[in-house]
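The values are calculated or read from the model by the stated rules, or taken from the named source; none is laboratory data. Since the model is a prediction, treat every value here as computed from it, not as a measurement. Virtual Cβ from ideal backbone geometry, glycine too; neighbours counted across all protein chains shown. The area values use the complete protein model at the heavy-atom level, side chains included, leaving out ligands, DNA and RNA. Shrake-Rupley method; radii C 1.70, N 1.55, O 1.52, S 1.80 Å.
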Amino acid sequence: MFGDPVDNPKGWSIKTLEELGDFKNGLNYRKATGYTVKCLSVRDFKDRRVISGVDVLSDISISVKPSREYLLRDGDIVFVRSNGNSNLTGRCLAVYPHGGEAVFSGFCIRFRLAEKQLNADYLLDFFKSESIRKAIQGRGPNIKNISQPILASLKVPLPPLSLQQEFADFAAEADKSQFSAAPPIWPSKSSQP
């Protein structure tokens, strides 16, 4: 429907991910007592596109409550930053905690959209395209890594939101077992800090 995102055959306007939102590396922690919180980790990605709620996530115990910058919000996109399996590095999903409190592990990077220009299904499809997977392929001899600068430099074609929503609706109907029609990923007033 949109063509290859690198070639951009439809000539959509383009912005880098850095222009569209911000990034945060995940929380590095050591087990401690004091505060328990749900945590999105690499093992939670599996073949998921979306995590809705926090019940599927594991609890971690840390010494103090994490700062707000580590708490996930509805519509955040989280990437596997580092893994020994290059097929897992760069994998991503959308998260909707729906008011539940959850953080993300140090092996992940969180992307938070700042503008109303993208739909979650469109953006997830963008990241799963073969040409973008090659562009963000992890580097390193053993453990494969991606970084914020690699993600920030990705050029994202911006078709009209109406076409992005049409794609999301079609994908949801075509294969409900694979696609979860996620809401747009711009921040809502209720999800602001």
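Couple of notes before you dig in:
- Rounded to whole numbers, the Karplus 3J(HN,Hα) couplings from phi for the stretch 18-26 are 4, 6, 9, x, 10, 10, 8, 6, x Hz, using 6.51 cos²θ - 1.76 cosθ + 1.60 with θ = phi - 60°, and x at Gly and Pro.
- On Cα atoms only, tilt of 161-174 relative to the major axis of the chain in degrees: 80
- At an R0 of 41 angstrom, the distance between the Cβ atoms of residue 166 and residue 46 translates into a FRET efficiency of 0.90.
- Rolling a 1.4 Å probe over the heavy atoms of the protein chains gives the stretch 3-127 an accessible area of 46 Å² per residue.
- In order along the stretch 32-44, the phi-based Karplus estimate (6.51 cos²θ - 1.76 cosθ + 1.60, θ = phi - 60°) of 3J(HN,Hα) comes to 7, 9, x, 9, 10, 8, 6, 9, 7, 10, 3, 5, 7 Hz; Gly and Pro are listed as x.
- Kirkwood hydrodynamic radius of the chain, from inverse mean 1/r over distinct Cα pairs, in Å: 17.1
- The label point for residue 16 and the one for residue 115, both projected 7 Å from the Cα toward the Cβ, are 1.4 nm apart.
- Pairs from the list 15/46; 38/116; 10/38; 65/155; 31/155 with a Cα-Cα gap above 31 Å: 10/38; 65/155; 31/155.
- Atom-type composition of the exposed protein surface of the chain places 50 percent of the accessible area on carbon and sulfur (1.4 angstrom probe).
- By DSSP, the beta bridges lying fully in the chain are antiparallel in about 80 percent of cases.
- Dipole magnitude of the chain, debye to nearest 20 (Cβ charges: Lys/Arg +1, Asp/Glu -1, about Cα centre): 780
- Label point of residue 58 set 7 angstrom out along Cα-Cβ; within the stretch 23-41, amide nitrogens under 19 Å from it belong to 26-41.
- Peptides 5-16, 67-78, 51-62 ordered by average Cβ neighbours within 10 Å, highest first: 67-78, 51-62, 5-16
- Table column - 3J(HN,Hα) (Hz), the stretch 117-133, Karplus curve with 6.51, -1.76, 1.60, x for Gly and Pro: 10, 9, 9, 4, 4, 4, 5, 5, 5, 4, 5, 8, 5, 4, 5, 6, 4
- Only helical runs count toward this figure. For the chain, summing -39,500 (n - 2.57) over DSSP H runs of n ≥ 4 and dividing by all residues gives -5000 deg cm²/dmol at 222 nm.
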